[in-house]
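Every read-out reported here was derived from the displayed coordinates using simple, explicitly stated rules and does not represent laboratory data. Since we're looking at a predicted model, the values are computed, not measured. Cβ atoms come from the backbone with ideal geometry, glycine included; neighbour counts cover every protein chain shown.
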Amino acid sequence: MSETYNKKLIGEAIATKLDISKKQANEFVEAFLEEVKSVLEDKGTVDLAGFGKFEVRERAARDGFNPQTKEKIRIAASHSVGFKPAKALKDAVK
């Protein structure tokens, strides 16, 4: 059975692997995530070799409908974050 990891558990795992304090590991995790967020906010790409690529994707404006009233609505263009796993990651989770 797989476990869901959060920032705290990732920090603890890093602290153990690198033999550093949990505080230092949690600061690293926070700094890393802030940097990824900053790059994505600037519409950049974060490419981590062997892991995958985070990128901002554009969604075009489109027509939709309100499921309750069936009324047609226009959905505005927007941006979303996408992740494309690297081949090494795909192979690891097979």
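Extension gain, ALA49-VAL93: 0.36 nm per intervening residue step, less the Cα-Cα distance, totals 14.2 nm. Can you tell me how segment 1-42 classifies by the Cα gyration tensor, rounded, prolate or oblate, using a/c under 1.5 as the rounded cut? Oblate, because a/c is 1.5 or more while a/b does not exceed b/c.
Loop sites only, by DSSP: take the chymotrypsin sites (Phe, Trp or Tyr not before Pro) in the chain that have at most 14 other C-beta atoms within 10 Å and name the longest stretch containing none of them. Display every interim value, and only then the final one.
Details: sites that count: TYR5, PHE51.
Result, exposed sites excluded: 6-50.
Taking Rg and Dmax of the Cα atoms in Å as calculated from this structure, the corresponding entry among (1) 15.0, 53; (2) 18.8, 59; (3) 19.0, 56 is (2).
In degrees, nearest 10, range 0 to 90: what is the angle between the Cα axis of helix 7-18 and the longest Cα principal axis of the chain? Once rounded, the angle reads 30 degrees. Cut-off under 17 Å on the C-alpha distance; same-chain residues fewer than 8 positions from LYS22 excluded. Which aspartates and glutamates are left, in chain and number order? Those aspartates and glutamates meeting the cut-off are GLU12, GLU30.
Going down the table (LYS7/LYS90; LYS7/LYS37; LYS43/LYS84), which pairs top 18 Å between alpha carbons? Check vs 18 Å cut-off fails for LYS7/LYS90. Relative to the longest principal axis of the Cα atoms of the chain, the long axis of helix 22-41 makes an angle of roughly 30 degrees. Kindly state, to the nearest 0.05, the FRET efficiency for ARG57 paired with ILE10, given R0 = 30 Å and r defined as their beta-carbon distance. That pair, ARG57 with ILE10, gives E of 0.75. Taking every C-alpha pair closer than 8 Å and separated by at least 6 residues, the mean separation divided by the residue count of segment 44-94 gives a relative contact order of 40 percent.
May I ask you to list the GluC sites (Glu not before Pro) in segment 1-55 that are in a DSSP loop and have at most 14 other Cβ atoms within 10 Å of their Cβ? List each step's numbers first, then the result.
Values: sites: GLU3, GLU12, GLU27, GLU30, GLU34, GLU35, GLU41, GLU55; in loops: GLU3.
Answer by residue number: GLU3.
Spin-label model, PHE65 to GLU3: label points 7 Å out along the Cα-to-beta-carbon direction sit 4.7 nm apart. When the Cα gyration tensor is reduced to axis lengths a ≥ b ≥ c, the ratio a/c is 1.5 or higher for segment 44-94, and with a/b not above b/c it is classed as oblate.
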